[in-house]
Amino acid sequence: MKETIRVFVDDTPVSLFRGMTVKHALMSRDPSLYRAAMNGEILVTDELGHRMGLEGSLLEGARLHTRRAGPVSSD
Amino acid sequence: MRQLFGNPAATPLRTRKGETDRGGTWVGPSRCFHPRQKPGKAPPREVSPSFHSLSPFFGVFAPLLGCCIAFPGPAREKTRPVRAVGLVLFSFLLLSLFPGVCGAEPVDLTILHVNDLHGHILPFTEKSVHEQEPVSGAAALAAMIQRERERNPEGTLLLSAGDMFQGAPISTVFHGKPVLEIMNHLRFDAMTLGNHEFDWGRDVLGELTTAARFPFLSANLKDREGRYLPGVMPYALFTRKGICTGVVGVTTRELAFRTKPSNVEDLTIEDPAAVLPSVLQEMKNRGAQLLVVLSHCGLQADMDLAVEVPGIHVIVGGDSHTVLPDPMKVGEALIVQAGYYGMYLGVLDLSFDPSTSRVARYTQKGELKPVLSGPDRPADPQVASMIREYETRFDARFNQAIGQTAVDLVRQRHAESNFGDLVTDVMREATGAQIAFQNGGGIRTDVYKGPITLGQLYSALPFDNYLVLMDLTGKQVLELLEQSAALAVQILQVSGLTVVYDLSRPPGNRVVEVMVGTRPLEEQAVYRVVTNDFLAAGGDRFTAFKEGKNVTARESLRDVVIDYVAKRSPIAPVTEGRITFKTP
């Protein structure tokens, strides 16, 4: 098993050590993205549009997308 | 209710005979026999309870009545509507005599599921779930589970797809016990092993599996002799409403990269896709009808499993922390996953048809229910009480001195600090690395002379960073130091080397001298370096870390500092001139 994987953040490839998570992909792509995600300003989704947590696991080739957090309906 | 666990051939049986959550006993590996099933034969088809309750009528009176009406004598010749009713009743007669002709009716079952709780038993704010109201919290989650269970009391399974204990401080400081006690109280049926279940070592894992009143499952983790882990079963069988459900656990293949490697170095981690077919068949041989994979492999791997392994009805997933609002259908399998940190409860209602062994209907929309913890929301009083008790103990633990410092521990971002020296020295000592790097911004508060509490160390090191060991060349180390000098406000704290900067020189040429121990840095030499995962990922633009080789994830940075302070107090770190600036 290779010790690095390549994933994509908003279509930009980033290299990560195997076992690293969504937050590491953001740190690697752009630390400001990570800070924005930590502050709840942006959300991260997988390529199918499902939201992922910052500690979510990643596999080779994963494609992440960031989007600005919007209001949610109450209840 | 009967619960059966295991694999008789390869699984070390539980030696204790504990009580199940439903008052039965753990009986060890056996078949999921139907009460009317003969050994070696397939279980009989199920008949719905409503049909059963009417059987005396259909079995005795209806046939007689039906025969009379359907095949009337001459006196009743003109009563066609009555005759039609007779035909219907006669049909019931045939069906009751030959149930296999029409097949059994689908049975409504409910799978409640959570994953990746990571010790979050206290509510928190998450605006992506609710703008104002706190979310998660075990007391609210418990109330939801009980409410959902009441909808289908005889047909519900409660499952966890792993990573339940490590994370939030209230769980971490007690090695997951609060979560485990709550899971026992909530009568979880099974849980799969996640990677973080190994974070505290195998002894702690053993304590958790021993204290659990539900089975831990993993079919693809074995020791070198091919045995399943002590206290861990490959699968468990549950009978609900006469349907035998087989639940098999699988753990991520990347386990060795996702916890401290020495905690799993004696394990063989098999490909779930290679293991599952035989385990599924074994469960079927033991009477399982509904086949559920409880997976801590992540959504992408689960989608691959659904394609590669036929026969799975449901995959209850975790690990990727995916908020999957509605079940995904991949091939014949349904895949569900309930986000992370207990923000959602997964509620999968399905109708299982035993005559076709298929899921006839299932929740199509809104499978995830947000767990809201506002003051007006229902909360389980017993769980709330358990949490309060742990909060009290947690506060006491946090405020208790674990060591002491003879000097103020002061952080610096732009220069060497004694707190930075302490942290990097501990990192190096814990891992045996030659060089340690820590970002100054990762140390958030000072600790003043006197007793040191756990709470102070959590405040000083609030990020859940873990250590990362790697090989770097001297040239890459030099590059890191140049990056450190170029950033200026974020000088790397170091151990194992000394560096002299000249900030009057242009960026990229500011490092004028580096010594590793007592010898000058050699650009071609390879050094074993430890840092934290933030920097290893290239955080703060320290990109040279991303070139590391032989990379190993290690324990929590905060934990090694806590251990050091507890064992080596009183401490008195002083700045040693590791980082100096040449003045013109």
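So here's what we get for this one:
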{"item": "Where A:TYR34 falls short, out of the listed (1) more than 9 Å from the chain's Cα centre (by Cα); (2) more than 30 Å from B:LYS329 (Cβ to Cβ); (3) of a type outside the set (A, V, I, L, M)", "result": "(1)"}
{"item": "Within the stretch B:283-322, considering residues that are β-branched (Val, Ile, Thr) and surrounded by fewer than 23 Cβ atoms within 10 Å (Cβ to Cβ), the one farthest from B:PHE216 (Cα to Cα)", "result": "B:VAL307"}
{"item": "Residue that is modelled with pLDDT of 95 or more, under 30 Å from B:SER128 (Cβ atoms) and crowded, with 18+ Cβ neighbours inside 10 Å, where the choices are B:LEU276, B:LEU280, B:LEU345", "result": "B:LEU345"}
{"item": "Residue selected from the stretch B:161-196 under the condition outside any loop (DSSP other than H, G, I, E, B) and touching a strand residue (DSSP E or B) at 6+ places or on another chain (Cβ under 8 Å), by the criterion farthest from B:ASN263 (Cα to Cα)", "result": "B:MET183"}
{"item": "Condition broken by B:LEU350, with the remaining ones in (1) of a type in the set (A, V, I, L, M); (2) touching an Asp or Glu at 6+ places or on another chain (Cβ under 6 Å); (3) surrounded by fewer than 24 Cβ atoms within 10 Å (Cβ to Cβ); (4) more than 14 Å from chain A (Cβ to nearest Cβ) satisfied", "result": "(2)"}
{"item": "Residues of the stretch A:59-75 that turn out to be in contact (Cβ under 8 Å) with a residue 24 or more places away in the chain and among the polar types (S, T, N, Q), as a count", "result": "1"}
{"item": "Residue that is nearest to the other protein chains (Cβ to nearest Cβ), among those in the stretch A:12-35 that are of a type in the set (D, E, K, R) and under 18 Å from B:GLN300 (Cα atoms)", "result": "A:ARG18"}
{"item": "Test: A:MET38 is more than 7 Å from chain B (Cβ to nearest Cβ) and either among the hydrophobic types (A, V, I, L, M, F, W, C) or surrounded by fewer than 17 Cβ atoms within 10 Å (Cβ to Cβ) (or both)", "result": "yes"}
{"item": "Answer residue from the stretch B:359-374, given it is closer than 15 Å to B:THR110 by Cα and either charged (D, E, K, R) or within 12 Å of chain A (Cβ to nearest Cβ) (or both) and is surrounded by the most Cβ atoms within 10 Å (Cβ to Cβ) among those", "result": "B:GLU367"}
{"item": "Residues that are at the interface with chain B (Cβ under 8 Å from one of its Cβ atoms) and within 9 Å of the chain's Cα centre (by Cα), drawn from the stretch A:41-53", "result": "A:LEU43, A:ASP46, A:MET52, A:GLY53"}
{"item": "Residue in the stretch B:286-308 that is nearest to A:GLY49 (Cα to Cα), counting only those that are in contact (Cβ under 8 Å) with a residue 60 or more places away in the chain and more than 14 Å from chain A (Cβ to nearest Cβ)", "result": "B:LEU294"}
{"item": "The one condition in (1) within 14 Å of chain A (Cβ to nearest Cβ); (2) under 15 Å from B:LEU221 (Cβ atoms) that B:GLN337 fails to fulfil", "result": "(2)"}
{"item": "Candidates B:GLU207, B:GLU148, B:GLU131 - the one that is more than 14 Å from chain A (Cβ to nearest Cβ), charged (D, E, K, R) and closer than 30 Å to B:SER459 by Cβ", "result": "B:GLU207"}
{"item": "Qualifying residue in the stretch B:336-353 (condition: assigned to a strand (DSSP E or B), touching a residue at least 40 places away in the same chain (Cβ under 8 Å), acidic (Asp, Glu) and under 22 Å from B:GLY318 (Cα atoms))", "result": "yes"}
{"item": "Candidates B:GLU154, B:GLU131, filtered to the one that is out of contact with any Phe, Trp or Tyr (no Cβ under 8 Å at 6 or more places or on another chain), surrounded by fewer than 20 Cβ atoms within 10 Å (Cβ to Cβ), acidic (Asp, Glu) and in contact (Cβ under 8 Å) with a residue 12 or more places away in the chain", "result": "B:GLU154"}
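Every residue, every condition in (1) modelled with pLDDT of 50 or more; (2) crowded, with 20+ Cβ neighbours inside 10 Å; (3) not in a helix (DSSP H, G or I), yes or no:
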{"residue": "B:LEU87", "(1), (2), (3)": "yes, no, no"}
{"residue": "B:PHE92", "(1), (2), (3)": "no, no, no"}
{"residue": "B:HIS113", "(1), (2), (3)": "yes, yes, yes"}
{"residue": "B:HIS120", "(1), (2), (3)": "yes, yes, yes"}
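Residues checked against (1) surrounded by fewer than 17 Cβ atoms within 10 Å (Cβ to Cβ); (2) among the polar types (S, T, N, Q); (3) under 24 Å from A:ILE5 (Cβ atoms):
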{"site": "B:ARG519", "(1), (2), (3)": "yes, no, no"}
{"site": "B:GLU523", "(1), (2), (3)": "yes, no, no"}
{"site": "B:ASN550", "(1), (2), (3)": "yes, yes, yes"}
{"site": "B:SER556", "(1), (2), (3)": "no, yes, yes"}
{"site": "B:ASP559", "(1), (2), (3)": "no, no, no"}
{"site": "B:ILE571", "(1), (2), (3)": "no, no, no"}
{"site": "B:GLY577", "(1), (2), (3)": "yes, no, no"}
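The values are calculated or read from the model by the stated rules, or taken from the named source; none is laboratory data. Computed from a prediction, not measured in an experiment: that's the story for all the values here. Here Cβ is always computed from backbone atoms with ideal geometry, including for glycine, and neighbour counts include all displayed protein chains.
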